[in-house]
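These notes concern the structure reproduced below.
The values are calculated or read from the model by the stated rules, or taken from the named source; none is laboratory data. Small disclaimer: the values here were computed from a predicted structure and weren't measured. Here the Cβ positions follow ideal geometry from the backbone for every residue, glycine too, while neighbour counts run over all protein chains shown. For accessibility, only protein heavy atoms count, side chains too; no ligands or nucleic acids. Shrake-Rupley method; radii C 1.70, N 1.55, O 1.52, S 1.80 Å.
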Amino acid sequence: RQGYEAPHWQYPAPSYRDDYTYQSHQRQPMAWQSDRDRRQGEPYGKRTSYRDQHYYRGYHPNLAATPSGQDRFVPPPLTSLLASSERAQPGLGFLLSLQPPTQPSLLLQYRESGLSSSAYELSQYIRDGADHYDPMLPGTWSPAQAEEPSVSTPAPVVPHKFPLPHMVVCFGAGGQLVLVCPHRPAEGQLAHVELHSLEIILRDTKELEELQAFPGPLAREDLHKVDVLTFCQQKMATSCDLSTQRGRDAALLWKLLVLLCRQNGSMMGSDTAELLMQDCRRLEKYKRQSPASNLIGLTDDEWMLRQPGTLDLITGEVPPVVETQAQIVEKFTKLLYYGRKKDALVWAMRNQLWGHALFLSSKMDPRTYSWVLTGFTSTLATNDPLQTLFQLMSGRIPQAALCCGEATWGDWRPHLAVMLSNKAGDMELNQRAIVTMGDTLAGKGAVEAAHFCYVMADIPFGYFGVKADRMVLLGSSHRQAFARFARTEAIQQMEIFEYCQQLRQPESFLLPFQVYKLLYASRLADYGLPAQALQYCEQIATALLRQDPASHPILAQQVMKVS
């Protein structure tokens, strides 16, 4: 302890365990030699601990109070201890912790100071450790030194995070990059701050070029429709690989935007059908089949007997091999001369005179008409667009709407074209057939083709994360990760679609799309284009003011924050 023990006399730190005994007997002063000899004869477990010796009574908060039922040591007055100090009484080690009777106990002091017990103990240990390891400690203790005020030890200085000056970089307002150079103004060097334009730094990146090429925002007054058309045509030429089906579908979406922009947001079914068939100049040759014998009510033997070159049992003549269309019609008429309607129908069906057969059967009973109609449809290939039309006109969902997108079915566009150009009868059935085709294509991974069908069926745009919604951004699947979904190209494509609707209805806008316009404005600001970003924020604010801004509080707050 400071004041009466030499610097090389050290005691171990106090223990919190009750049975931890004092172990530094050889380092005690000579005045305690007799007391040490008396303790050496005792067993190890019965030796007196710190708590019993009262060395740290009043110093350690946990030792300041004695449990009930035990004798408590009452310290004698300081004057009596000083008078008897030469007799080297054992237990002198608690002298420094003695306090005048008028002062409150240390436990009461740290409670009144507001510190927790652990904080107070830590402060005591730090101060005691600093005094303990002070090399200028005196070798002996005197009462005069006890009255000297204690010298406070300076608090340890936290080392710097960076030992040397370094460059500080941050992003500033207005699309700037701020660099603070590692100069020492305290040593006479001038403070140097550099401002760099992010637009210049990122001028060679693909992302910035994509943002600069877009003529947005499209709602501004000085925008010309030609700029939008030019951008769509450039996208078709640069980003669509026409050698693949996916690339052709992507190009079809851009062509749809061009058509909408040219016609001020309005279009007819025939316009879309013409657009769908532009790349289908090479129409697939759908192989027609001969009607099956069982479909026209004949057995195989009867069918062979009625082939050209066989004996006619009624007339007794061998009919010649018919080669011309006139001879086929003449034979059909001759059979009707004799009243053989069924034979005439079979002859017409076998020689592809479906017009004659269908008209004749329509004037007969319904069963015969259905029989001829079934025979006609059986001659068509399964993936023939005529099959799609006849099934739709019959009040059924076409088979092409459920199987399109497969390699055996070929291109999906002729089937959609025939459904869009022949809207008649049940309009709900027609729309349901188109939506079913879109769902089938989406299930096959043809997102662009599916979105084309959804646009034709007037399916509204939804929100990301809602599985029931069929589309959120035009040309991008919302069932993938958000970073891949919210591509810059998809947002630009969606803005053009919104612009085409505003050409027809100037006050219209797509409310779910406003959050992606805000995301696009943030990207513009990140790449050093703050002026365009602010224009987007103004457009979003205008759209929100047309609605109830309180219904979208988070979006409104973010718009103000970015602005």
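Odds and ends about this structure:
- Label-point separation, residue 374 to residue 212 (7 Å along Cα→Cβ), nm: 6.9 nm
- Among the listed pairs 206/561; 517/561; 225/423, those whose Cα-Cα separation exceeds 25 Å are 206/561; 225/423.
- Taking amide H as placed 1.01 Å from N in the peptide plane, residue 197 has its amide H under 5 Å from the amide H of 177, each at least 5 places away in sequence or on another chain.
- Cα→Cβ-extended label distance, 7 Å offset, between residue 183 and residue 230, nm: 4.5 nm
- 3J(HN,Hα) from dihedral phi, the range 194-200, Karplus parametrisation 6.51/-1.76/1.60, rounded to Hz, x for glycine, proline: 10, 10, 10, 7, 5, 5, 6
- Each residue of the range 444-457 is assigned a 3J(HN,Hα), and the resulting list reads 8, x, 8, 5, 4, 5, 5, 5, 4, 5, 5, 5, 5, 8 Hz, derived from the Karplus form 6.51 cos²θ - 1.76 cosθ + 1.60 (θ = phi - 60°), x at Gly and Pro.
- Within a straight-line Cα-Cα reach of under 16 Å, residue 342 can be paired with the following lysines, leaving aside sequence neighbours fewer than 8 residues apart in one chain: 331, 334, 363.
- Surface accessible to a 1.4 Å probe, residue 183 within the full protein complex, Å²: 80 Å²
- Förster radius 41 Å - calculated FRET efficiency between residue 238 and residue 467, Cβ distance, rounded to 0.05: 0.80
- Net length gained if the chain between residue 427 and residue 341 were fully extended (0.36 nm per residue, minus Cα distance): 27.2 nm
- Cα principal axis extents for the range 411-563, largest first, Å: 50, 31, 24
- Shown are 552, 224, whose ranking by accessible area with a 1.4 Å probe and every protein chain present, most to least, is 224, 552.
- Within the full protein context, the accessible area of residue 171 is estimated at about 150 Å² for a probe radius of 1.4 Å.
- For the range 356-419: relative contact order, % (alpha-carbon pairs under 8 angstrom, 6 or more apart): 22 percent
- Along the range 539-548 the Karplus relation, 6.51 cos²θ - 1.76 cosθ + 1.60 evaluated at θ = phi - 60°, assigns HN-Hα couplings of 5, 5, 4, 5, 5, 5, 5, 6, 9, 8 Hz to successive residues, with x for each Gly and Pro.
- Anchor residue 444: lysines whose Cα lies under 25 Å away (excluding residues fewer than 8 positions away in-chain): 235, 255, 285, 467
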